[in-house]
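Written out below as structure tokens is the structure these notes cover.
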Amino acid sequence: MIEEHTAQLQNCMYQYSRAIYRTIKDMIDPYSDPETQLESRRAVLLACEQTMERLAKDPLYFANPDKALFQDIRRHFPITAQAQVAWAVQHGVGAAIEFIQEQIEAGALDGGVARCRATTRKGKPCQRTPLPERDYCPSHQHLERTKAAA
Ligand SMILES: [Zn+2]
């Protein structure tokens, strides 16, 4: 079941990588020869897809995915387009992260991802998503500080 969910999620994620690619592909260095341009397009699309695959597999522990993707692809774009590419990547990856967060909160990835370690007042395990690289969700993050202070 978990694997099935992951496959579905990845299909959705490819829509985000294609959206990013469509936004930036025409900014790829216009002064390089056609063959290099074609290679650049392939490399950019692949990098977008790999970012989304990694996000789908590892949504909580992939730090700064937008920055990582931009670093990966920036060499394919002229200096004058870099700011625009960075913005498109940030925007597109941000939308994908938002989508993943919604999936996690809806329980679509149950069992596949980390959960907040706290227990609710009703004595049930908290179902919320921990903060990045933390054991607790935003409502329970004070528990982490208590632990660190001890
Ligand atoms: Zn919690």
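What the table shows:
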{"read-out": "Solvent-accessible area per residue, Å², over the chain with all protein chains present [probe radius 1.4 Å]", "value": "64 Å²"}
{"read-out": "Unpaired by the 4.7 Å Cβ criterion, cysteines found in the chain", "value": "12, 48"}
{"read-out": "CD proxy at 222 nm, helix term only [per DSSP H run n ≥ 4: -39500 (n - 2.57); per residue of the chain; nearest 500]", "value": "-20000 deg cm²/dmol"}
{"read-out": "Residue-by-residue Karplus 3J(HN,Hα) for the stretch 127-138, coefficients 6.51, -1.76, 1.60, Hz, glycine and proline x", "value": "9, 7, 7, x, 5, x, 6, 10, 8, 10, 6, x"}
{"read-out": "Using a Förster distance of 41 Å, the FRET efficiency for residue 37-residue 8 (Cβ separation, nearest 0.05)", "value": "0.75"}
{"read-out": "30 Å Cα cut-off, lysine pairs counted over the chain (separation 8 or more, or different chains)", "value": "7"}
{"read-out": "Heavy atoms of residue 45: accessible area, 1.4 Å probe, square angstrom to 10", "value": "50 Å²"}
{"read-out": "With Cα atoms, 0 to 90° folded angle of helix 2-24 axis to the chain main axis", "value": "40 degrees"}
{"read-out": "Cα Rg, Dmax, the chain, angstrom units", "value": "18.7, 65"}
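The values are calculated or read from the model by the stated rules, or taken from the named source; none is laboratory data. As the structure is a prediction and not an experimental result, all values here were calculated from the model. Note: ideal-geometry Cβ built from the backbone for every residue, glycine included; neighbour counts use all protein chains shown. In case anyone asks, the SASA skips ligands and DNA or RNA and just uses the protein heavy atoms, side chains included. Shrake-Rupley method; radii C 1.70, N 1.55, O 1.52, S 1.80 Å.
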